[in-house]
Every structure is written in structure tokens, then in C-alpha cells.
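Here, each number is a calculation from the coordinates, and none is a lab measurement. Owing to the predicted nature of the structure, the values given are computational and were not obtained by experimental measurement. Here the Cβ is made from the backbone with ideal geometry for all residues, glycine too, and neighbour counts use every protein chain on show.
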Amino acid sequence: MNSGDGFPSLLAMNLKQLETFIQIVGKGSFAAAAEALHTTQSTVSARVKDLEHYLGVELFDRSAHRAQLTAKGRELFEMSRQIVGALEQLRERISDHASLTGTLRLGAVGVVAGTWLPALVRELRTRHPALELQLDIGLSKSLTRKLRGSQLDVAIIAGRLEDDELHCESVGEERFAWMASPSLGVGGTRLTPSDIAAHPVIAFPPESFHHAVTKAWFKNGGARYQPAITCSSMEVIARLVTQGQGVGLLPCDYYGAEVSLGKLEVLHAEPAMPGAELTLLSFAQRPTAFVSAVTDAVKAVLSLRRFGP
């Protein structure tokens, strides 16, 4: 259906239909999209049917168990992200940031969650009191997948990605070191990767940024990397290490108090473990008001953290 002046029926579509379509692709099902949008599955289905009616094509393969896109559906998905991104840029330019509303979906890795994420939340709430925050704590690869699937607006991850679709802005570095309980009797001397490998290693799983870094550290030191325990939670790893069940790679600043109290000790490993660069991750072509709000708040929080009393 085309209007008299030649504009396609794209004009008949509305933003909710496109956002719903993007959510279905990101979440993987109509039911999950309905939950994320706080609506019913029948409403989601109706929006998709209207979208398909206007375009005259099928967007999903109904024979598949999951919400699998057709070729036209994949084409629309990329275009929809651009359209929604352009509208968000428009909002970014003309809106009053002090009155920013809506739901900001923010992802963060464990080391951020355990250190300055509470301060970031406080800063965001102070700047934008009407803003609703949804926090997702996870590993870098998982958060990146969710961002690509439009399940997150912004993510704070460990490491830097080289991807033209994504904007990666460095926000600092966290120092990591091998630690153990003093009861384990590991400290006091210089330790090589082989020395560390002689003890049970409690490590992050392969989805973590630290997995590749740690594996390379052992390999370059001529030692085999074979963790005794893997866990995605930094807090659980620290608890196991404190109990003397093995050695673990932990952030120096966050566990400084435990080291001072004698619950943990920093092992003098050579070479020293490289730090983890922390980066803000967002879509390069979709600079939104949410991204700007998080970026400004992060800079404010980290400025106080570095130079505060």
C-alpha cells in the first residue's frame, strides 16, 4: 500500500512495532519480548502481524521453534536498528537530560559491580531521578552478546573490542594479582607460573576476559594452565581463596582490606599479571541519551575515585 505521493507504507509503521521487532530478535522469542516490554504475547504478535502486513513480507519463519528471521526479516532488523537509533539521536539533541525518563539497561562486569557501580548508580539517580535502571552483572562476552542483541543499552566490560559496529571507550584499568590465604603457605618468595600451577587454581571461565590473559601468562611461562575450579562470580572466587582452597586472580584495590586484615596475601608472581582495561561499550551508530548519561556519570565517578580525598 503506497500513499498518493509515492511514500511507501513505512510511514504507517510506528516506533512500537519496530522496537517490538528488535526485542523479539534480541530476546529470541515472542514471549521473552513481551516480558521485556511489560505487555502480552498477543500484543507482541499483533504488532508483528501489522508490520508484516504493511511491508507485505514475512519477517519470521513460523516453522522454527525460536523466533528465526527470514532473509527479509534480517534486512529489516538492520534497518530498524538504524531507524530507532536515528530517532534516539533526535531525542538526544532536543531533550532535557535532567528530565531523562525510561528504562536504562546497563551491564557491568563483576569487578565494576564490586567497586564503583554503586557510586555510578547514585550519580545516575541524582542526575536523572525519573530514570529506571535495570542492572545486569555478567562476564564480558555475555554482556557484549546482550548488547548486540539489543538487550542492553550500554555495557562496562573488561578489555577492548575491535568492531566497527561498536564504540569502545576506555574508562581506566583495574590491577589484578594472584592471591591466596596465608594458611596455604604459598607467599614469601618469588613465584613463577609453574609455581602457581603447582597449587589448585580457582579461575574465571572461558567467557571471561581474564581467561585468555591468564592462559597466555601460564603458556609464556612454560606452565600448563589447568584450573581446579572455574566460577563466573568474583565474590565466590575470593571466598574460596580466603578459605584456603586454592590461589586466585583478584583485583588489588577491591581486596585491599582483606589483605590488610591478613585474610588474603598478594603473591609475588613473576612476571606480574597485566591489568584489565575497562571500557564503555555501545553501538557506534546509535549515540543515545542513555549512552551520554552513562558516559558523563562514569567520568564524574571515576574522577572522584582517582582524585578524591
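Packing, as the average of other Cβ atoms within 10 Å across residues, places the peptides 195-206, 163-174, 241-252 in the order 241-252, 195-206, 163-174, highest first. Just want the answer: with Cβ charges of +1 for Lys and Arg and -1 for Asp and Glu, which residue in Ala297, Ala238, Gly107 is farthest toward the dipole's positive end in the chain? It is Ala238. The antiparallel fraction among DSSP beta bridges confined to the chain stands at about 55%. Think of it as helices only: each DSSP H run of n ≥ 4 in the chain is worth -39500 (n - 2.57), and spread over all residues that comes to -13000 deg cm²/dmol at 222 nm. Which residue fluctuates most in the GNM of the chain (Cα springs below 10 Å): Val186, Val154, Val57? Top of the fluctuation ranking is Val57. Which one of Arg190, Arg145, Arg160 has the biggest mean-square fluctuation once the chain is modelled by GNM with Cα springs under 10 Å? Looking only at Arg190, Arg145, Arg160, the largest GNM fluctuation is found for Arg190.
Charge tally around Lys146: other residues with Cβ under 13 Å, Lys/Arg +1 each, Asp/Glu -1 each, net +2. For region 228-238, the Karplus equation 6.51 cos²θ - 1.76 cosθ + 1.60, evaluated at θ = phi - 60°, returns couplings of 7, 9, 10, 7, 7, 9, 5, 5, 5, 4, 4 Hz by residue, with Gly and Pro reported as x. Each label was represented as a point 7 Å from its Cα along the Cα-to-Cβ direction; for Glu169 and Lys16 these points are 3.3 nm apart. Semi-axis lengths, largest first, of the ellipsoid equivalent to region 176-273 are 19, 16, 12 Å, with √(5λ) applied to each eigenvalue of the Cα gyration tensor. For trypsin sites (Lys or Arg not before Pro), the sites in region 201-309 that DSSP calls loop and that have at most 13 other Cβ atoms within 10 Å are Arg224.
If you take all other residues with their beta carbon under 15 Å from the beta carbon of Ala180, and give Lys and Arg +1 and Asp and Glu -1, the sum is 0.
For a straight C-alpha distance cut-off of 23 angstrom, the lysines reachable from Lys215 (same-chain residues fewer than eight places away being disregarded) are Lys141.
Positive contributions from Lys and Arg (+1) and negative ones from Asp and Glu (-1), summed over other residues with Cβ under 10 Å from the Cβ of Pro274, come out at -1. Between Gln243 and Leu302, the C-beta separation translates, for a Förster distance of 51 Å, into a calculated FRET efficiency of about 0.95.
Per-residue extension of 0.36 nm, minus the Cα-Cα distance of Ala228 and Glu58, leaves a gain of 56.2 nm for this segment.
Extension gain, Ser292-Ala46: 0.36 nm per intervening residue step, less the Cα-Cα distance, totals 85.2 nm. What the Cβ-Cβ distance of Ser194 and Lys141 gives, at R0 = 35 Å and to the nearest 0.05, is a FRET efficiency of 0.75. Picking from Ala33, Ala216, Ala113, which is most flexible by a Gaussian network model of the chain using Cα springs under 10 Å? Looking only at Ala33, Ala216, Ala113, the biggest GNM fluctuation is shown by Ala216. For a straight C-alpha distance cut-off of 16 angstrom, the lysines reachable from Lys49 (same-chain residues fewer than eight places away being disregarded) are Lys16, Lys72. Relative to the longest principal axis of the Cα atoms of the chain, helix 71-94 runs at roughly 80 degrees. For region 215-309, chymotrypsin sites (Phe, Trp or Tyr not before Pro) are listed when DSSP marks them as loop and at most 16 other Cβ atoms sit within 10 Å of their Cβ; the list is empty.
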